[in-house]
1. Answer rounded, prolate or oblate for region 220-286, using the Cα gyration tensor with square roots of eigenvalues a ≥ b ≥ c: rounded when a/c is under 1.5, else prolate when a/b is larger than b/c, else oblate.
2. Scanning the chain for GluC sites (Glu not before Pro) in DSSP loops with at most 14 other Cβ atoms within 10 Å, what's the longest stretch left with none?
3. Given R₀ = 51 Å, FRET efficiency for Val33-His282 by Cβ-Cβ distance, to 0.05?
4. Evaluate E = 1/(1 + (r/R0)^6) for Ala224 and Ala156, where r is the Cβ-Cβ distance and R0 equals 25 Å; express this FRET efficiency to the nearest 0.05.
5. Given a 1.4 angstrom probe, I'd like the percentage of the accessible area of the chain that is carbon and sulfur, rounded to a whole number.
6. At most 11 other Cβ atoms within 10 Å and a DSSP loop assignment: could you name the trypsin sites (Lys or Arg not before Pro) in region 28-103 that fit?
7. Out of Val191, Val164, Pro174, whose Cα points farthest toward the positive end of the dipole of the chain (charges: +1 Lys, Arg; -1 Asp, Glu; placed on Cβ)?
8. Which whole-angstrom value gives the distance between the alpha carbon centres of region 180-207 and region 72-127?
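The values are calculated or read from the model by the stated rules, or taken from the named source; none is laboratory data. Since we're looking at a predicted model, the values are computed, not measured. Heads up, the Cβs are rebuilt from the backbone with ideal geometry, glycines too, and the neighbour counts pull from every protein chain shown. Remember, those area values only see protein heavy atoms, side chains included, never the ligands or the DNA or RNA. Shrake-Rupley method; radii C 1.70, N 1.55, O 1.52, S 1.80 Å.
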Amino acid sequence: MAGWFSLEQGGATAGDLLVRDVVCAWLRARKIVHDVAQERALGDGVDWFRVPPSAYTHLVFACGPVGPELAVAELIERFTCCRRVAVNVSLVGDPAWRPFDLLLERDGLGSAKPDLAITRPPGSAPVVAVVKIHPQGEHRGARPGIAHAAFDRLLAALECAPFVVDTVLDASVPGRRSTAEVQALLARADVVLTTRLHGLILALAGGVPAVAIDPIMGGAKLLAQSRALDWPASMTVDTVDDERLRQHFDWCRTRAARERAVASRARGVQGAADVERMLFAHLGRH
């Protein structure tokens, strides 16, 4: 089994790997023994340039463009002693180049075939929104770099899909042009990592669990809000450790955390109603 994922720095796409997995699953289901030629950065496999082609009966090339001028041509030509099969590919370049015994194009001269990646279910990796505080000179005890480095280590150790959300509005930047855009981004995360007060507040407002690190030594407004909302997945920058951070993150992926986020929002809404009552009781006296 080979493809663009077989070449060192071949630029394999998510689609290439999904198609690889589809065809490998077909082979395993039929108990067909096979090796996967794969660059080391993508996991275990064999080196297509070092294994003897005579050790194999077939070469199955899966997904992507193939043609005599492309980098994969050398791989395909090396296995001339095998029966060569191309699955889910697009032929490009010289139409006279026909090295395959069986060619199952996804978009050839005939009718197009569905790309095999469509058969794979959605990935289960959590989507993580990261909301980082900007430097704030008014807080002498601020150490946001420590917290952000802890976030970076956590994300490096996880299979997840992180994206940055900036709550500072900017009319020229999509995703930051309005409060609605910021709220929409946070609401689509599974977990929020934040050193910003409103990263926590807007996450819980959308029912999304958040891991909050107060960037002020000893804690300040972010810790105070966590207490006011009875939200447990928070700590101060001087108490951060990787194990505790991972425990908070893992808990935030549970149903219990989602339910707690809803409860925290309800607590906040009730608190806001109390503030409204006190405000207008005062205004009514003047």
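1. Oblate is the answer for region 220-286, as a/c is 1.5 or above yet b/c matches or exceeds a/b.
2. The segment 160-286 is the longest one with no such site.
3. E between Val33 and His282, to the nearest 0.05, is 0.05.
4. Working from the Cβ atoms, E equals 0.25.
5. So the carbon and sulfur contribution to the accessible surface is 55 percent.
6. Arg30, Lys31, Arg50
7. Going by the charge dipole, the pick is Val191.
8. 42
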